[in-house]
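Presented below is the structure to which this report refers.
The values are calculated or read from the model by the stated rules, or taken from the named source; none is laboratory data. Because the structure is predicted, anything quoted here is derived from the model rather than measured. Cβ coordinates were reconstructed from backbone atoms using ideal geometry, including for glycine residues, and neighbour counts include every protein chain displayed.
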Amino acid sequence: MTDAFGRQAALIERLWWPTLWVLTAIYIAVMIALAYAMLRRRHVDEVKSEVRTARWVGAAIAGTVVILFAYFISDLFTARAIAGIERKDGVTIEVTGLQWWWRVEYSDSVPERRLTTANEIHIPVGRPVRIITSSADVIHSFWIRELHGKRDLIPGDKSEFWLRADSAGVFRGQCAEFCGLEHAKMALVVVAEPEAQFQAWYDRQLSAARVPPVAVTRADSLIRSGHDVFVTKACVMCHTIRGTTAGSSIGPDLTHLASRRMIAAGTRTNTRGNLAGWVVDPQGIKPGALMPPNNLTPAELEALISFLESLK
Amino acid sequence: MKRLVIVALLLSIAACDREAREYRPGPPTASPAPFVRQTPLQPGAPTDLLGSAAYQENRWAVSEGQRLYNGFNCVGCHANGGGGIGPALADRKWKYGSEPDQIFATIVEGRAEGMPSFGGKIGNAEVWRLVAYVRALGKLTPEDTWPSRTDDIGEASPVGNGQ
């Protein structure tokens, strides 16, 4: 039954399921009482009936108070336990919600080890992660069901919370606050992996894109001309690829696009076909997304996709 | 009669072009527009050969233009209409003309003294949205399409504040 990959989610789950069952029982009891009230005959002895009704209402109120109080207490302890995870030696990640994707920035005290990426978060298992949230446009909500509860991203307001994955896994995070047309297609991939693997991923992400300086093989020349398409066409107006002249930050950072599992904020798997479809006509996949359609010749498109696929 | 009025009112909602949103405009990449007049001097009334009215009178186009204006760093030279490195856009003095197709050409072709050419880098529709916003800065478009607020509360602009 458990879907929790961290202690916090396990605590939430432990509170959530009994709450569901208790509320279901209460709902059924109320419906039975309602049906009884509608179907029963009027009593002859009004006074006796009044007394009996008062007794039932009193019992129901007492039961409600007891249940609410029990939940008040358990909620308090759960919230304390969730907030009480160890906060030493954490990874700090700033997550910004935008219509309709996630900007992810890893902080580090060494400036050159700061990392900007998008729509995919890697975290080390067993180490606390400090998430700092904000929004660039409207209210979003950051939700990784397997690790923690929902957290609203409020424009103009930074807030932070801690989470920790206790076992490895790949999860789908989701925007949990309606934020416009493509709210449902605003997801992110969360990868919880062992420390060594995380460090290897992090170091690889820090490196700049490599564009073959001289095209010797056919594959190299495709990548080279794909790079030229990227920096001379519309792509360069919104995206960054470190190591090239593309440095705009309106859209997601694409420096290591090919290493990501999904494209378009969890909308499609990262395959050659999906990528090409997305570049040519994003509006067909995610209507209203802020990426415009692109008019490329087949040769340009093939080269561009080869370049994007080389961004490992 | 009453029912007829209600039906007419309901039908009129569909006619509200001001709020229409066009997600798949074509053609995608802008090239220099044909028939651009390089001077405001011309016989007869001003011409709008390229049919930009749909953008000028569309509220979403103007607010998208505002987003692109900030995102493409127009703001870096023209500030929020007040100018700086580049000329002011809110002062109603136009070196290269204030008609939509003239502003379109200025953005796509670039101008001497430092205005870069964005031809081939931005789609036609995006340029028209920028034009709509730039004209809103100069208060040349219908007042009911000026952005009264931005979805991005981080950046305020003169128009965005409803001034």
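Within the stretch A:178-209, the set of residues being in contact (Cβ under 8 Å) with a residue 40 or more places away in the chain and of a type in the set (Asp, Glu) comprises A:Glu182, A:Glu193, A:Glu195. Say whether the condition of being within 14 Å of another protein chain (Cβ to nearest Cβ), closer than 30 Å to A:Glu300 by Cβ, in contact with a Pro (Cβ under 9 Å, 6 or more places away or on another chain) and of a type in the set (A, V, I, L, M, F, W, C) is met by at least one residue in the stretch A:206-223. Checked the stretch A:206-223: no residue is within 14 Å of another protein chain (Cβ to nearest Cβ), closer than 30 Å to A:Glu300 by Cβ, in contact with a Pro (Cβ under 9 Å, 6 or more places away or on another chain) and of a type in the set (A, V, I, L, M, F, W, C). A single entry from B:Gln42, B:Gln66 fulfils the requirement of being modelled with pLDDT of 65 or more, away from chain A (no Cβ under 14 Å) and under 23 Å from B:Glu109 (Cα atoms): B:Gln42. Scanning the stretch A:273-288 for residues that are part of a loop (DSSP other than H, G, I, E, B) and facing chain B (nearest Cβ under 8 Å) turns up A:Asp281, A:Pro287, A:Gly288.
Looking across the stretch B:108-133, the residues that are among the basic types (Lys, Arg) and either within 20 Å of B:Ala90 (Cα to Cα) or at pLDDT below 80 (or both) come down to B:Arg111, B:Arg129.
Looking across the stretch A:8-56, the residues that are β-branched (Val, Ile, Thr), modelled with pLDDT of 90 or more and farther than 30 Å from A:Arg130 by Cα come down to A:Val22, A:Thr24, A:Ile26, A:Ile28, A:Val30, A:Ile32. Just to be sure before I move on: is A:Trp102 within 23 Å of A:Gln205 (Cα to Cα) and either within 14 Å of chain B (Cβ to nearest Cβ) or of a type in the set (Phe, Trp, Tyr) (or both) in the structure I sent? So A:Trp102 passes the test. Out of all the residues in the stretch A:233-270, which are within 14 Å of chain B (Cβ to nearest Cβ) and assigned to a helix (DSSP H, G or I)? Residues satisfying the conditions are A:Ala234, A:Cys235, A:Val236, A:Met237.
Filtering B:Ala136, B:Ala61 for residues that are more than 14 Å from every other protein chain (Cβ to nearest Cβ), part of a helix (DSSP H, G or I), farther than 21 Å from A:Ser249 by Cβ and modelled with pLDDT of 85 or more leaves a single hit, B:Ala136. Counting the residues of the stretch A:155-171 that are assigned to a loop (DSSP other than H, G, I, E, B) and surrounded by fewer than 18 Cβ atoms within 10 Å (Cβ to Cβ) gives 6. For A:Asp89, the requirement of being surrounded by 10 or more Cβ atoms within 10 Å (Cβ to Cβ), in a loop (DSSP other than H, G, I, E, B) and either of a type in the set (Phe, Trp, Tyr) or out of contact with any helix residue (DSSP H, G or I) (no Cβ under 8 Å at 6 or more places or on another chain) (or both) is not met.
Screening A:Arg80, A:Arg42, A:Arg55 for residues that are over 36 Å from the mean Cα position of the chain (by Cα) and assigned to a helix (DSSP H, G or I) leaves exactly one candidate, A:Arg55.
For B:Ile153, the criteria (1) touching a helix residue (DSSP H, G or I) at 6+ places or on another chain (Cβ under 8 Å); (2) over 16 Å from B:Val62 (Cα atoms); (3) at pLDDT below 90; (4) of a type in the set (A, V, I, L, M) hold in every case but one, which is (1).
Yes/no per residue for (1) closer than 17 Å to A:Val104 by Cα; (2) modelled with pLDDT under 90; (3) among the β-branched types (Val, Ile, Thr):
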residue: A:Val216; (1), (2), (3): no, yes, yes
residue: A:Asp220; (1), (2), (3): no, yes, no
residue: A:Ile223; (1), (2), (3): no, no, yes
residue: A:Ile241; (1), (2), (3): yes, no, yes
residue: A:Leu257; (1), (2), (3): yes, no, no
residue: A:Arg268; (1), (2), (3): no, no, no
residue: A:Arg272; (1), (2), (3): no, no, no
residue: A:Pro292; (1), (2), (3): no, yes, no
residue: A:Asn295; (1), (2), (3): no, yes, no
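Among the criteria (1) outside any loop (DSSP other than H, G, I, E, B); (2) on the phi > 0 side of the Ramachandran plot, the one B:Arg129 does not fulfil is (2). Confirm whether A:Leu301 is within 14 Å of another protein chain (Cβ to nearest Cβ) and in a helix (DSSP H, G or I). Taking the combined requirement at face value, the residue satisfies it. For residues in the stretch B:103-126 being part of a helix (DSSP H, G or I) and among the polar types (S, T, N, Q), which is farthest from the other protein chains (Cβ to nearest Cβ)? Here the residue is B:Thr106.
Considering each residue of the stretch A:123-142 in turn, at least one proves to be outside any strand (DSSP E or B), surrounded by fewer than 15 Cβ atoms within 10 Å (Cβ to Cβ), away from every other protein chain (no Cβ under 14 Å) and on the phi > 0 side of the Ramachandran plot. Taken as a whole, the structure places A:Thr96 among residues that are under 23 Å from A:Glu177 (Cα atoms) and either β-branched (Val, Ile, Thr) or surrounded by 10 or more Cβ atoms within 10 Å (Cβ to Cβ) (or both).
Only a single item in (1) buried (at least 16 other Cβ atoms within 10 Å of the Cβ); (2) more than 21 Å from B:Glu19 (Cα to Cα); (3) of a type in the set (D, E, K, R); (4) out of contact with any Asp or Glu (no Cβ under 7 Å at 6 or more places or on another chain) is not met by B:Asp101, and it is number (4).
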